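Peer 1: Please find one structure pasted underneath; my questions will follow.
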């Protein structure tokens, strides 16, 4: 069951507050009867809702995983005519927005949706959904670096820290690390490593919560499964 004003908002009729005004103005009917009570709940799969006599249909909710290639920006449009991630999706999905971002040079798992509440819950630090990145840096990264990243550093006025850091390879030329974060502040991985004196050569996000990048090819997308969607929502 869903509140009527929420249904109207998700169907794109009006914002939730504006939808409340439409209801109290006797412009909305449910199963042929005018409804003016704001607490009214409906079943979108059963009840027939009309606004000013026209049927209101629920907007299909979309949840998409994209393997973002480097060189794309996570905006709806770009004044510099750079490539945008929506160019990689079907044209009719241009209204989807990204949940968080990856900077232009970064690549890997990016989630997109038209479900605002879902987006808020996934992105909000309160819920601590973990994100894992594989990073290649210039130079030799020893265990003391990993320890420092986990302990936390200050950069640009923010306190940044990793939950887990694993060093896979390290030599005088470059090192490969896996870094797990809970918050995902703006450019947090790059800023963490910059605070330790490292330049990032490549950065790939490989998971968000239980959603994995897996073998999804660069530039390709897939829809999330129901278990994946539920795994990202707070219990």
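The values are calculated or read from the model by the stated rules, or taken from the named source; none is laboratory data. Note that the structure is predicted; figures quoted are calculated from it, not measured. Cβ coordinates were reconstructed from backbone atoms using ideal geometry, including for glycine residues, and neighbour counts include every protein chain displayed.
Peer 1: Does any residue of segment 4-24 turn out to be assigned to a strand (DSSP E or B), touching a strand residue (DSSP E or B) at 6+ places or on another chain (Cβ under 9 Å), surrounded by 12 or more Cβ atoms within 10 Å (Cβ to Cβ) and not assigned by TED's automatic domain parsing to the domain that holds residue 122?
Peer 2: no
Peer 1: Okay, moving on. Which residue out of 102, 112 is buried (at least 17 other Cβ atoms within 10 Å of the Cβ) and part of a strand (DSSP E or B)?
Peer 2: Details: 102 fails: part of a strand (DSSP E or B).
Of the residues listed, the single one that is buried (at least 17 other Cβ atoms within 10 Å of the Cβ) and part of a strand (DSSP E or B) is 112.
Peer 1: Continuing with the same structure: Being free of Cβ contacts under 8 Å to residues at least 12 places away in the same chain and either buried (at least 19 other Cβ atoms within 10 Å of the Cβ) or outside any loop (DSSP other than H, G, I, E, B) (or both) narrows it down to one residue among 180, 169; which is it?
Peer 2: Testing whether each residue is free of Cβ contacts under 8 Å to residues at least 12 places away in the same chain and either buried (at least 19 other Cβ atoms within 10 Å of the Cβ) or outside any loop (DSSP other than H, G, I, E, B) (or both) leaves just 169.
Peer 1: Please go through segment 16-43 and give me each residue that is in contact with a helix residue (DSSP H, G or I) (Cβ under 6 Å, 6 or more places away or on another chain) and under 19 Å from residue 115 (Cβ atoms), ordered by number.
Peer 2: Once the filter is applied, which keeps residues that are in contact with a helix residue (DSSP H, G or I) (Cβ under 6 Å, 6 or more places away or on another chain) and under 19 Å from residue 115 (Cβ atoms), segment 16-43 yields 16, 19, 42.
Peer 1: Modelled with pLDDT under 95 and more than 25 Å from the chain's Cα centre (by Cα): does that describe residue 183?
Peer 2: So residue 183 does not fit the description; no.
Peer 1: Here's a follow-up. Output the residues belonging to segment 183-200 that are surrounded by 15 or more Cβ atoms within 10 Å (Cβ to Cβ), out of contact with any helix residue (DSSP H, G or I) (no Cβ under 6 Å at 6 or more places or on another chain) and outside any helix (DSSP H, G or I).
Peer 2: Within segment 183-200, the first condition is being surrounded by 15 or more Cβ atoms within 10 Å (Cβ to Cβ), and the residues that meet it are 183-185, 187-196, 198, 200.
This time we only want the ones that are out of contact with any helix residue (DSSP H, G or I) (no Cβ under 6 Å at 6 or more places or on another chain), so: 184-185, 187-191, 193-195, 198.
Within segment 183-200, 184, 185, 187, 198 qualify.
Peer 1: Here is a further query. Give me the pairs, please: first residue somewhere in segment 123-151 and surrounded by 14 or more Cβ atoms within 10 Å (Cβ to Cβ), second residue anywhere and at pLDDT 95 or above and part of a helix (DSSP H, G or I), beta-carbon distance under 8 Å, and either six or more positions apart or on two chains.
Peer 2: Pairs that qualify, where the first residue is surrounded by 14 or more Cβ atoms within 10 Å (Cβ to Cβ) and the partner is at pLDDT 95 or above and part of a helix (DSSP H, G or I), are 133/189; 135/189; 135/193; 137/193; 149/192; 149/193.
Peer 1: Answer yes or no as to whether residue 85 is more than 25 Å from residue 122 (Cα to Cα) and modelled with pLDDT of 90 or more.
Peer 2: no
Peer 1: Filter segment 212-232 for residues that are crowded, with 16+ Cβ neighbours inside 10 Å and within 18 Å of residue 69 (Cα to Cα) and give the result.
Peer 2: 213, 221
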